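Everything on this sheet refers to the single structure shown next.
What follows draws every value from the coordinates through simple rules; no lab data is involved. All values reported here derive from a predicted model rather than from experimental measurement. Please note: Cβ atoms are built from the backbone with ideal geometry, for glycine as well, and neighbour counts cover all protein chains shown.
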C-alpha cells in the first residue's frame, strides 16, 4: 500500500457525501418498508429507484467539486454551474424510461426523492455543526483537529 | 411569444380531455423550467461567495467547501421539488 495521499482523501465535500450515502443505505430498509406498506411492491421499487437517484446525485455533486477545486477556482465555478444542469438532465433521463412502467409507483419515487434528499441533508448538517469545521464525521480522540 | 400563441390555438382546437392533458403537460414544463431558475441563481450565488472566501483565506478552504457543498445541496432541493411536480403533473 502506498503512502501517497489521494485528492479524494482530503476532500471535505466527498467525506460529507460518503457519510450521506452511508446513512442513506442505513435508512433504506426502513424507507422501503414504509413505501411497501403504503404503495405495495411498486412502492418498494419506486422508493429504491428514488433513493438511488438521490445518492448518485450527491456523489456526482461532490465528485465535481472534489475534482475541480484543487485545479482552479474559476473551473470550480463553471463546473458546479454546468454540473447542476447536467445533474438535472440526468435525473430527467433516469425517470423518463420508468414513467409509465407498471412495476414502479411514481408517487413513492417522488416522495422518497424529496424526503431522502432533505432528510439526509438535515442529518448531515447536525454532524457538521457538531464537529465545527470538519465535515460529516465526529472528531475522534486521535484527531489532529482540536475543538476550541 | 409567437410559439405560445400557436400552442394555445392548437390546444383550443382539441377536445376537452386532450386539452386538459395538453395544458397539464405545458404547465409541467413551465413548473420545471421556472423551478430550475431560482436554484440556478442561488447556486451561482453560493459558489461565487465561497470562491471569494477561498480566495481571501485559502487556509479555510476545507470549511468553506463543506459549507458550500451543503448550501448547493439545500438550494438544489428547490429544483427537486419542481422536478417532482413536473413528474406528477405531466411527464
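Which length gain, in nm to one decimal place, applies between residue A:81 and residue A:100 when the Cα-Cα distance is subtracted from 0.36 nm times their residue separation?
3.7 nm
So if I take the alpha carbon set of the protein assembly as shown, get Rg, then get Rh from the Kirkwood formula, what is the Rg over Rh ratio?
Using only Cα positions, Rg/Rh for the protein assembly as shown is 1.05.
Enter the angle in degrees (range 0 to 90, nearest 10) between the Cα long axis of helix B:16-56 and the first principal axis of the Cα atoms of chain B, meaning the one along which they spread out most.
For helix B:16-56, the angle is close to 10 degrees.
Using Cα pairs under 8 angstrom and six or more residues apart, how large is the relative contact order of chain B, in percent?
44
Starting from the Cα gyration tensor of segment B:2-90, take the square roots of the eigenvalues, sort them a ≥ b ≥ c, and report rounded, prolate or oblate (rounded when a/c is under 1.5, otherwise prolate if a/b is larger than b/c, else oblate).
prolate
What is the calculated FRET efficiency for residue B:3 to residue A:118, with r their C-beta to C-beta distance and R₀ = 45 Å, to the nearest 0.05?
Rounded to the nearest 0.05, the efficiency is 0.80.
Taking a ≥ b ≥ c as the square roots of the Cα gyration tensor eigenvalues, with a/c under 1.5 meaning rounded and otherwise prolate when a/b beats b/c, else oblate, which class fits segment A:11-130?
The shape class here is oblate.
How many nm is it between the label spots at residue B:85 and residue B:10, if each spot is 7 Å from the Cα in line with the beta carbon?
2.3
If you fit an axis through the alpha-carbon atoms of helix B:61-90 and take the longest principal axis of the Cα set of chain B, what angle between them do you get, 0 to 90°, nearest 10?
Tilt of helix B:61-90: around 10 degrees.
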